[in-house]
Amino acid sequence: MTTSYVFYQGEIVEESTVSIDIRCKGFNYGLGCFEGIRAYWDEEKKQLYGFRMMEHYERLLESCKALYMDIPYTAKELCDFTVELLKKNEFKTTTYIRPVVYKGSTQLTPSLYGDSDDRVLIYCQPFGSYTGKEVLSVAVSSWRRISDTMLPPRTKATAGYLNSGLASLEVLQNGFDEAIFLTETGNVCEGPGENIFIVKKGKLITPPASDHILEGITRDLVMTLAKNELGMEVVEKSISRTELYNSQEVFFSGTAMEVTAVGEVDRRKVGNGEVGEVCKKLKDLFFDITKGNNPKYAHMCTPVY
Ligand SMILES: Cc1ncc(COP(=O)(O)O)c(C=O)c1O
C-alpha cells in the first residue's frame, strides 16, 4: 500500500502518525466545521486542477468565525498547503479534499468558549461520481432542515450533518437515491449535501439564502453559467413542494454531487424522467470548466503539477 499523507497542525505528515484524542470536543460534541473540495484530473494535459479552492477556504474561515474557532492560516496559505499535499500524495486522478477544523479541547463541556485548542487537518482521496447515477429518484424527507435559529446552516458545521444523515437514512431506507429538505415553514430548501434548482417556463429558479441553504460554490457557478452562457433568467425565490412536482426540470449542484439531474420526486416524474436540456448544457459547461478547458473560467482552476 502506498503511504498516505495528510496536513495536520501546520505540517504534511504520514496519515498513520496522526491520532485524535477520544475526549476532544470535536469528537464528543461534533464541535467543528469542514469543507469539501474537488481537484479534477485532466488526462490529456496530465494535470490536476484544484477547483475554486480559494472560495472553499474563505467559506471555511467564515464557518470558523461563526463557530468561534480560530486558526492561524489565511485562505491563501490553506490553498498552498493543499497543493503541496496533493503533490506529496502524487494523485493523478480526480480527488476529494476534506479540510476539517475541530475543537481539540478535552474539557467536559460542549461550550465553544474557553480553552482554545482548535486543530486543522486536511486529507484527500480519489473520488469519482458521488452517486454513480445519471438521474436520481428523490423524496422529500420528513426531517426539516436546520434553521439559522438552531444551528447555522450557512456554515459547514460538523454537527449540522446529523440533520443530513437522518434525512438520507429515511429516504435511502425507502428506496430513493437522495433526500430533499423543506424548511421549517415548508419551502423547498436543499439536499443533505447539495443545492437544488428547478426549471420552469424557461427560468432557472433556486431557493434564496434566506431559506436556510448553504450558499454553494457550485450553485454560484451554475447561476453564473445559466445567465452568461445560456442567457437564462435566474431567480432566487422560495419554492413550494407543489412547484417542485410541476417543474420541467429539477437538478442538484454541489462539490460532491457536481451537476446531477433529478428524474423523479416523490414518485412523480420530472419532465420525461431523463436528464433535462438545461441540466445537460450546464453539466457539459461545468465539466469543461473544471478541467481547465474554458479560458473564461480558468481562474477557478489551480494547477497542481
Ligand atoms: C448542505 C449542503 N448544501 C449545499 C452544498 C453544496 O455546496 P458546494 O457547491 O459549495 O459544494 C453542500 C456541500 O458542501 C452541503 O453540504
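FRET efficiency for the pair D42 and E229, taken as 1/(1 + (r/R0)^6) with r the Cβ-Cβ distance and R0 = 22 Å, rounds to 0.60. The modelled label-to-label distance for the pair Q248/E184, using points 7 Å beyond Cα in the direction of Cβ, is 3.6 nm.
Once the C-beta distance of N294 and I12 is scaled by a Förster radius of 25 Å, the resulting FRET efficiency is 0.20 to the nearest 0.05.
Note on the range 209-305: Cα-only Rg and Dmax are 14.6, 48 Å.
Residue by residue, the range 203-208 carries 3J(HN,Hα) couplings of 9, 9, 10, 9, x, x Hz when phi is fed to the Karplus relation 6.51 cos²θ - 1.76 cosθ + 1.60 (θ = phi - 60°); x denotes Gly or Pro. Each residue of the range 265-273 was assigned a 3J(HN,Hα) from its phi angle through the Karplus expression (A = 6.51, B = -1.76, C = 1.60, θ = phi - 60°), giving 10, 6, 6, 10, 5, 9, x, 9, x Hz with x at Gly and Pro.
Only one residue of L85, N272, T260 has its Cα farthest out toward the positive end of the dipole of the chain, where Lys and Arg carry +1 and Asp and Glu -1 on Cβ, and that residue is N272.
The fraction of Cα-Cα pairs per 5 angstrom bin, counted from 0 for the range 80-230, comes to 2, 7, 13, 15, 17, 17, 14, 9, 3, 1, 0, 0 percent, rounded to whole percents.
Computed over the chain with a Gaussian network model linking Cα atoms closer than 10 Å, the most mobile of G292, G36, G202 is G202.
For the range 214-246, the residues whose amide N sits under 20 Å from a probe point set 7 Å from the Cα of K65 along the beta carbon direction are 214-218, 220. Normalised by the number of residues in the range 5-126, the mean separation of alpha-carbon contacts (under 8 Å, six or more apart) gives a relative contact order of 38 percent. Sorted ascending by nearby beta carbons within 10 Å, beginning with the fewest, Y5, Y96 become Y96, Y5. Let a ≥ b ≥ c be the square roots of the eigenvalues of the Cα gyration tensor of the range 63-124; is it rounded (a/c under 1.5), or, if not, prolate (a/b larger than b/c) or oblate? Since a/c reaches 1.5 and a/b is larger than b/c, the shape of the range 63-124 is classed as prolate. Projected label points at Y73 and L151, each 7 Å from Cα along the beta carbon direction, are separated by 2.5 nanometres. Where does the Debye-calculated log10 I(q)/I(0) of the range 1-133 sit at q = 0.12 Å⁻¹, using only Cα point scatterers of equal weight, no solvent? Ignoring solvent entirely, the Cα scatterers give -0.49. Our note on the geometry: Cα centres of the range 65-124 and the range 150-213, 25 Å apart.
Scaled against the 2.2 N^0.38 Å expected of a compact globular protein of N residues, the Cα radius of gyration of the chain reads 1.01. Output the relative contact order of the chain, whole-number percent, from Cα pairs under 8 angstrom with separation of 6+ residues. Here the relative contact order equals 19 percent. When you count the other C-beta atoms within 10 angstrom of each residue and take the mean per peptide, 248-259, 279-290 line up highest first as 248-259, 279-290.
Kirkwood analysis of the range 152-229, using all unique Cα-Cα pairs, places the hydrodynamic radius at 13.6 Å.
The simple Förster model, with R0 at 22 Å and r as the Cβ-Cβ distance, assigns S129 and L162 a FRET efficiency of 0.30.
Of the DSSP H helices in the chain, not one has a Cα length along its own long axis of 30 Å or more together with a mean Kyte-Doolittle hydropathy reaching -1.0.
Values in this text are rule-based calculations from the coordinates and carry no lab data. Only a predicted model underlies this, so the values are computations on that prediction, with no experimental measurement involved. No Cβ is skipped: glycine too gets one built from the backbone with ideal geometry, and neighbour counts run over all protein chains shown.
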